[in-house]
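The values are calculated or read from the model by the stated rules, or taken from the named source; none is laboratory data. On a predicted model such as this, the values are computed, not experimentally measured, just so you know. Here the Cβ positions follow ideal geometry from the backbone for every residue, glycine too, while neighbour counts run over all protein chains shown.
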């Protein structure tokens, strides 16, 4: 069934008029016809099954058939903080991480980033919208504007109090940073200590990974340094792998 997103305020009446990009997408790309059914998601946990009444490229008129609770969202909120890679790799990362259930993507400019400036945020939002529609999610991940690595830690968490230096508690744990230099801790081992975590941020570097100073800064701000294994993964592979493992261990895959 065709799926699209509309704000809940547009779904107050039995007949719904769909305009703009959604109308063009339905009429010109999908070529919907009167009588076809489609699903409209409102982003608040409901799905409306609607029947198409009239079609033209400027507006589509549909009528509501049923309204039902609907959720395809994970029980754990995953924030992907991704060092911006070169080329079109970020397009791929946005698409696949959306399919895997992330709730937010934060593009980060790091010391080793070859991309120092980009105006692709709107492009990435469109990719996230399309991927959410395709995979049946009822929410589209938020795509933030790119930030410098130092700006990412805002606000900083308080330093560990005396006696707590041995580790992070649930109150100070903010996420995981992946480092090729990490030899002692792997992702699966760390996740065993945070089974009750409702939100987690994954910090993944661009080509070249993170500098030592960046890893140190992340640890000081509540992140744990971990490894994804003995093989060096491409940044896009690391993102997909880390999210998949996280969803398996803490979320809704398995």
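On the given criteria, is residue 52 in contact with a helix residue (DSSP H, G or I) (Cβ under 9 Å, 6 or more places away or on another chain), farther than 23 Å from residue 128 by Cα and modelled with pLDDT of 95 or more? So residue 52 passes the test. The set of residues from the range 1-26 being in a strand (DSSP E or B) and either within 18 Å of residue 133 (Cα to Cα) or touching a helix residue (DSSP H, G or I) at 6+ places or on another chain (Cβ under 6 Å) (or both) comprises 2, 3, 4, 5, 18, 19. Just to verify a result, which residue in the range 95-122, among those that are assigned to a helix (DSSP H, G or I) and touching a residue at least 12 places away in the same chain (Cβ under 8 Å), is farthest from residue 152 (Cα to Cα)? In this case the residue turns out to be 99.
Scanning the range 196-246 for residues that are out of contact with any strand residue (DSSP E or B) (no Cβ under 8 Å at 6 or more places or on another chain), farther than 25 Å from residue 87 by Cβ and touching a residue at least 40 places away in the same chain (Cβ under 8 Å) yields 197, 213, 217, 220, 221, 245. Screening residue 246 with (1) in contact with a helix residue (DSSP H, G or I) (Cβ under 9 Å, 6 or more places away or on another chain); (2) more than 30 Å from residue 116 (Cα to Cα) gives one miss only, at (2). Set side by side, the residues 154, 221, 148, 171 differ, and just one is at pLDDT 80 or above and surrounded by fewer than 18 Cβ atoms within 10 Å (Cβ to Cβ), which is 148. For the range 27-35, check the following and say yes or no: at least one residue is over 19 Å from residue 130 (Cα atoms), part of a strand (DSSP E or B) and touching a residue at least 12 places away in the same chain (Cβ under 8 Å). No, that holds for no residue. Residue 125 fulfils the conditions (1) out of contact with any helix residue (DSSP H, G or I) (no Cβ under 6 Å at 6 or more places or on another chain); (2) within 30 Å of residue 251 (Cα to Cα); (3) touching a residue at least 24 places away in the same chain (Cβ under 8 Å) except for a single criterion, (3). For the range 55-87, the set of residues classified as surrounded by 12 or more Cβ atoms within 10 Å (Cβ to Cβ), under 14 Å from the mean Cα position of the chain (by Cα) and part of a loop (DSSP other than H, G, I, E, B) consists of 72, 73, 74, 76, listed by residue number. For the range 136-145, the set of residues classified as surrounded by 14 or more Cβ atoms within 10 Å (Cβ to Cβ) and under 21 Å from residue 120 (Cβ atoms) consists of 140, 141, 143, 144, listed by residue number.
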